[in-house]
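Peer 1: The structure is given below, and queries will be raised subsequently.
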Amino acid sequence: MNPDLTQLHRYPFEKLNQLKHGITPPAHLDHIALSIGEPKHSAPHFVTENLIAHTHLLSNYPLTRGSDALREAFSSWLNKRFDLASKINAGTQVLPVNGTREALFAFAQCIVDRNQSNASVLMPNPFYQIYEGAALLAGAQPVYMNCTEDNGFLPDLENISEQQWKDCQMIYICTPGNPTGAVMSNEYLQQLITLAQKYDFIIASDECYSEIYADENNPPPGLLSAADAMGLADYNNCVVFHSLSKRSNLPGLRSGFVAGDAEIMKKFLLYRTYHGCAMPPATQSASIAAWQDEQHVIENRNQYRKKFDAVISALSGTLRPVQPDAGFYFWVKTPQSDTEFAQQLFATQNLTVLPGQFLSRSSAEINPGEHYVRMALVAPLDECQDAAQRINQFMNDNY
């Protein structure tokens, strides 16, 4: 067996199930899950109809690189969404992936040179656990960059030593962030790009929450727009990951793409040819339809805005959550241990939230996830309002 498998941590939801094991919540309350970031809004009808209409394509083997039309849909969306002067080339700079989760994992297996001594992969802390597992199974050492309230929940680039930058082969970033919702500015991203050019490491930017934001006139910037603005026309060492899961409420479609540096895309295509992960033809067709439409995305954002407004108002006197920059999570401080808070909330209110320490690691003598919980506002509005009232009841009963 691969010895690196022994280094993998249990997944956060395994830990959550163990935390809840043996507890019987109140039977008169229906369970509400705010723990998992699985969109619950309806999938766009025109996308599901497109998928059904193209099932005849299942008799054909798909190309790993996808169809020309699919890659053109990716590049057209990117160029328009991020107003790129240096246009992304559909032929050489984009590839389809079966959801960003598998791509974020596979990318490290392609990029990391395990024969290089002290090979490391930097990542935010707290983080999406795929980053850590990908680094470990690629033979690299994860380096955790604490994201705390003091640094705006963004990795402190000044706190990384020169030797750590030299050992870094790749850095995962997430903007907007999971779980904090923090957005990296163009200036921040350009600082990171400058470091990547100096020390020759690759930036893997997970941007799957980029289309869920509060201000319709102020969408979050991305890695490619930052690179474009500083004149990096070839997007050297820059790769972004986008998905239909959150943007279009299509997590079950398993559809996304990666884009950026053409030389990296060439090597990643070679890797994926052997990895055996081509997107099914019917999925490609449905994906084209989704990327070419923005109205359903606007309506999706409006639903999240209503939920944020309602829950922020309802909890203003107890947990006092703060509107995140983007995404659909609240990252909320708890008045006691995050694990005890989550456990007791489930036991008394049949409401599940995710303890922050399950999403983070102890680093530099702190665990930045402790005393926080992640609450995903994915349930319908009425359930989110019900959840807020239950939290108020719990807070009033205990604090």
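Peer 1: Please count how many residues of the stretch 1-37 are of a type outside the set (A, V, I, L, M, F, W, C), modelled with pLDDT under 95 and touching a strand residue (DSSP E or B) at 6+ places or on another chain (Cβ under 8 Å).
Peer 2: 1
Peer 1: Which of the residues spanning the stretch 270-287 are within 15 Å of residue 258 (Cα to Cα) and among the aliphatic types (A, V, I, L, M)?
Peer 2: Once the filter is applied, which keeps residues that are within 15 Å of residue 258 (Cα to Cα) and among the aliphatic types (A, V, I, L, M), the stretch 270-287 yields 270, 278, 279.
Peer 1: Right, here's the next one. Just one of 353, 332 is farther than 15 Å from residue 125 by Cβ and in contact with a Pro (Cβ under 7 Å, 6 or more places away or on another chain); which is it?
Peer 2: Values: 353 fails: in contact with a Pro (Cβ under 7 Å, 6 or more places away or on another chain).
Every option except 332 fails the conditions.
Peer 1: Given the condition outside any helix (DSSP H, G or I) and in contact with a helix residue (DSSP H, G or I) (Cβ under 6 Å, 6 or more places away or on another chain), answer yes or no: does some residue in the stretch 376-396 qualify? Please lay out each step first, then the result.
Peer 2: Quick first cut of the stretch 376-396, residues outside any helix (DSSP H, G or I) only: 376-380.
If we keep only those that are in contact with a helix residue (DSSP H, G or I) (Cβ under 6 Å, 6 or more places away or on another chain) too, we end up with 377.
Yes, there is a match, as at least one residue in the stretch 376-396 is outside any helix (DSSP H, G or I) and in contact with a helix residue (DSSP H, G or I) (Cβ under 6 Å, 6 or more places away or on another chain).
Peer 1: Among 358, 341, which is the only one that is over 21 Å from residue 213 (Cβ atoms), in contact with a Leu (Cβ under 7 Å, 6 or more places away or on another chain), assigned to a helix (DSSP H, G or I) and not aliphatic (A, V, I, L, M)?
Peer 2: Details: 341 fails: in contact with a Leu (Cβ under 7 Å, 6 or more places away or on another chain).
Going through 358, 341 in turn, just one is over 21 Å from residue 213 (Cβ atoms), in contact with a Leu (Cβ under 7 Å, 6 or more places away or on another chain), assigned to a helix (DSSP H, G or I) and not aliphatic (A, V, I, L, M): 358.
Peer 1: Consider only pairs whose beta carbons are under 8 Å apart and that are at least six residues apart or on different chains; among these, list those whose first residue lies in the stretch 39-57 and is within 19 Å of residue 246 (Cα to Cα) and whose second residue is charged (D, E, K, R) and surrounded by fewer than 18 Cβ atoms within 10 Å (Cβ to Cβ).
Peer 2: Partner pairs satisfying both residue conditions: 44/293; 46/293.
Peer 1: Same structure again: Scan the stretch 267-303 for residues that are within 22 Å of residue 69 (Cβ to Cβ) and either in contact with a Cys (Cβ under 6 Å, 6 or more places away or on another chain) or of a type in the set (Gly, Ala, Ser) (or both) and jot them down.
Peer 2: Scanning the stretch 267-303 gives 268, 278, 282, 285, 286, 287, 289, 290.
Peer 1: Applying the selection to the stretch 253-304, what residues are of a type in the set (Gly, Ala, Ser) and in a helix (DSSP H, G or I)? Steps first, answer last, please.
Peer 2: Of the stretch 253-304, the ones of a type in the set (Gly, Ala, Ser) are 255-256, 259-260, 262, 276, 278, 282, 285-287, 289-290.
Residues satisfying the conditions are 262, 282, 285, 286, 287, 289, 290.
Peer 1: Is it the case that residue 369 is modelled with pLDDT of 95 or more, touching a helix residue (DSSP H, G or I) at 6+ places or on another chain (Cβ under 6 Å) and under 20 Å from residue 152 (Cβ atoms)?
Peer 2: On the way: modelled with pLDDT of 95 or more: yes; touching a helix residue (DSSP H, G or I) at 6+ places or on another chain (Cβ under 6 Å): yes; under 20 Å from residue 152 (Cβ atoms): yes.
In short, yes.
Peer 1: Under the condition of being part of a loop (DSSP other than H, G, I, E, B) and surrounded by fewer than 12 Cβ atoms within 10 Å (Cβ to Cβ), which residue from the stretch 43-71 is nearest to the chain's Cα centre (by Cα)? Give the derivation first.
Peer 2: Residues of the stretch 43-71 part of a loop (DSSP other than H, G, I, E, B): 43-44, 54, 60-67.
Checking which are surrounded by fewer than 12 Cβ atoms within 10 Å (Cβ to Cβ) leaves us with 60-61.
Details: 60: 32, 61: 30 Å.
Among residues in the stretch 43-71 that are part of a loop (DSSP other than H, G, I, E, B) and surrounded by fewer than 12 Cβ atoms within 10 Å (Cβ to Cβ), the one nearest to the chain's Cα centre (by Cα) is 61.
Peer 1: Only one of 229, 196, 233, 262 is hydrophobic (A, V, I, L, M, F, W, C) and closer than 30 Å to residue 323 by Cβ; which? Give the derivation first.
Peer 2: Numbers: 196 fails: closer than 30 Å to residue 323 by Cβ; 233 fails: closer than 30 Å to residue 323 by Cβ; 262 fails: closer than 30 Å to residue 323 by Cβ.
Result: 229 is the single residue among 229, 196, 233, 262 that is hydrophobic (A, V, I, L, M, F, W, C) and closer than 30 Å to residue 323 by Cβ.
Peer 1: Hey, another quick one. Looking only at the stretch 313-356, which residues are surrounded by 16 or more Cβ atoms within 10 Å (Cβ to Cβ) and charged (D, E, K, R)?
Peer 2: Of everything in the stretch 313-356, those that are surrounded by 16 or more Cβ atoms within 10 Å (Cβ to Cβ) and charged (D, E, K, R) turn out to be 325, 338.
Peer 1: Find all pairs meeting these conditions: Cβ atoms under 6 angstrom apart; at least six residues apart or on different chains; first residue within the stretch 136-158 and in the same structural domain as residue 174 (by TED's automatic domain parsing) and among the aromatic types (Phe, Trp, Tyr); second residue surrounded by fewer than 19 Cβ atoms within 10 Å (Cβ to Cβ) and at pLDDT 95 or above.
Peer 2: 144/361
Peer 1: Now for a different question. Looking for whichever is within 30 Å of residue 394 (Cβ to Cβ) and aliphatic (A, V, I, L, M) here; the options are 319, 269. Which one fits?
Peer 2: Values: 269 fails: within 30 Å of residue 394 (Cβ to Cβ).
One residue alone meets the criteria, 319.
The values are calculated or read from the model by the stated rules, or taken from the named source; none is laboratory data. The structure displayed is predicted, hence computed values, not measured ones. No Cβ is skipped: glycine too gets one built from the backbone with ideal geometry, and neighbour counts run over all protein chains shown.
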